[in-house]
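Written out below as structure tokens is the structure these notes cover.
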Amino acid sequence: MARYDYKVIPAPAKGAKAPGLKTAEARFVGAVEGTLNAQAAEGWEYLRTDILPSDERQGLTGSQTVYRTLMVFRRAKDEGSAAGDMIQTAQDMAEATVPQPAETARPEPSLARVQPSRGDPAPKPDTPEPDAPEPDKPEPDQPAPDKPEPDKPAPDQPKPDKE
């Protein structure tokens, strides 16, 4: 079944001046002939001319029906491109169903503990013993000797006057 694209253009309303065309009728025929030849040069086939009504505004609140003369052209769609589209779609579907090989075969990481082998001793983390306090930090019960407690002023600062 053939498929078509359609093109609709307004028919010429008056004739075009051309050498050798003296009457209004000849000029009008020349304008229609020029339109048909221009569309045929672009690959469009003349199909028919239709007269269709068009409602247009007249004044502020009124409307009027105007009849427009339209020329209808058609051309066959490219069957090659439609067939090419179907072939491309079929190839895409076939490629989607074929499993793709993995690029690199890396083992999946696991959360299980790994025991070191005899020849490969694992490094032991440096963790302090839980009973021994750190040498640079004071114990939590005693405040630092240089820092005053937050609620009390330092001994060398005067107390603020309350009035």
Extreme residue, farthest from the chain's Cα centre (by Cα), among residues of region 55-68 that are surrounded by fewer than 10 Cβ atoms within 10 Å (Cβ to Cβ) and in a strand (DSSP E or B): GLY62
Number of positions in region 11-36 that are closer than 16 Å to LEU70 by Cα and out of contact with any helix residue (DSSP H, G or I) (no Cβ under 6 Å at 6 or more places or on another chain): 11
Qualifying positions in region 8-35 - within 23 Å of SER54 (Cβ to Cβ), loosely packed, with under 14 Cβ neighbours inside 10 Å and of a type outside the set (Val, Ile, Thr): PRO10, ALA13, LYS14
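Where a number appears in this text, it was derived from the coordinates with a stated rule and is not lab data. Model, not experiment: these values are computed from the prediction. Because the Cβ atoms are built from the backbone with ideal geometry, glycine has one as well, and the counts that use them run over all protein chains shown.
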